[in-house]
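Peer 1: Please find one structure pasted underneath; my questions will follow.
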Amino acid sequence: MSDANGGFRPRLRALDRRQGLAFMATLAERLRPNYLLYAEASEQGDPAALRVIHDLIWEALLVKEARIDFERQAEKLAELEPPAEDESFGARRALEAVMALAACLDSLRSEAPEAVLEVSELSRSGVQAFIELTEGEEDAQRLAALIRQHPLMDDEHDFQAAVLEAVEAPLDRGALKALRRLGRNGGVSNLGLTLD
């Protein structure tokens, strides 16, 4: 996932705080259906509370003088994590959605220069875990090749590249709303899953 402009990771590192936050919030939108599916299947979690926190992050991007207690939001977010003893695949993917929002809140509360890279990798590693689960390949080399060439991983790379390109452009109100729509991805998560 590199390009003529210096490569994906260096471009991510070069984002300013607001651009990085917009990138993370957009990826978090795409992770959200995984949390919803987990909550529906396990009857754990609170998708509405997760949405409220995510909406406040977008508000902070849209309204410069928004007065939001992000410390309190981080406390609320911690309560939305799947139970620690639940090590199911669904719980891990739901936790990734929570962790992406936690990275956004960290960025809003203080300097968190690595957060944008962490959210990028978080989303990518969820896709990798899904491919490993669904493909069931034992041979490590074949599995690695399969992951690299898998349509879901291609989609993940393309999605992140599109988000990065969008946040590198001026982030006015219209651009932020377009990013939010992009992140919602028609209700389809990074794993290709949707609630229906």
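The values are calculated or read from the model by the stated rules, or taken from the named source; none is laboratory data. What you see is a predicted model, and the numbers here were worked out from it, not measured in a lab. Cβ: placed from backbone, ideal geometry, glycine included. Neighbour counts: every protein chain shown. Surface areas here come from the heavy atoms of the whole protein model, side chains and all, with no ligands, DNA or RNA. Shrake-Rupley method; radii C 1.70, N 1.55, O 1.52, S 1.80 Å.
Peer 1: How much solvent-accessible surface does residue 194 expose, in Å² to the nearest 10, with a 1.4 Å probe and all protein chains in place?
Peer 2: 50 Å²
Peer 1: Next question. Would you mind working out the magnitude of the charge dipole of the stretch 8-73 relative to its Cα centre, with +1 at each Lys and Arg C-beta and -1 at each Asp and Glu C-beta, to the nearest 20 Debye?
Peer 2: Working: 11 positive and 10 negative charges, 113 e Å.
In debye, rounded to 20, the stretch 8-73 gives about 540.
Peer 1: Express the accessible area of the stretch 33-104 per residue in Å², computed with a 1.4 Å probe while the remaining protein chains stay in the model.
Peer 2: Numbers: 3680 Å² over 72 residues.
Solvent-accessible surface per residue comes out at 51 Å².
Peer 1: Pop a pseudo-label 7 angstrom from the Cα along the beta-carbon direction at both residue 14 and residue 129 and give the gap in nm to one decimal.
Peer 2: Using points 7 Å along Cα→Cβ, the separation is 3.2 nm.
Peer 1: Next question. Suppose a student asked you for the relative contact order of the chain, using Cα pairs under 8 Å spaced at least 6 residues apart; what percent would you report? Don't jump to the answer; show the numbers that get you there.
Peer 2: Numbers: 218 pairs, mean separation 69.8, N = 196.
Once divided by the residue count of the chain, the mean separation gives 36 percent.
Peer 1: Separate question: What's the longest piece of the chain with no exposed trypsin sites (Lys or Arg not before Pro), counting a site as exposed if DSSP puts it in a loop and it has at most 13 other beta carbons within 10 Å?
Peer 2: So the longest stretch without any such site is 68-196.
Peer 1: Same structure again: Candidates (i) 1.00; (ii) 0.96; (iii) 1.04; which is the computed Rg/Rh (Cα atoms, Kirkwood Rh)?
Peer 2: (ii)
Peer 1: Find how many whole Å separate the alpha carbon centroid of the stretch 1-63 from the alpha carbon centroid of the stretch 107-168.
Peer 2: Result: 13 Å between the Cα centres.
Peer 1: In the stretch 1-128, carbon and sulfur make up what percent of the accessible area (probe 1.4 Å)? Show your work: numbers first, answer last.
Peer 2: Working: 2910 of 6090 Å².
Roughly 48 percent of what the probe reaches on the stretch 1-128 is carbon or sulfur.
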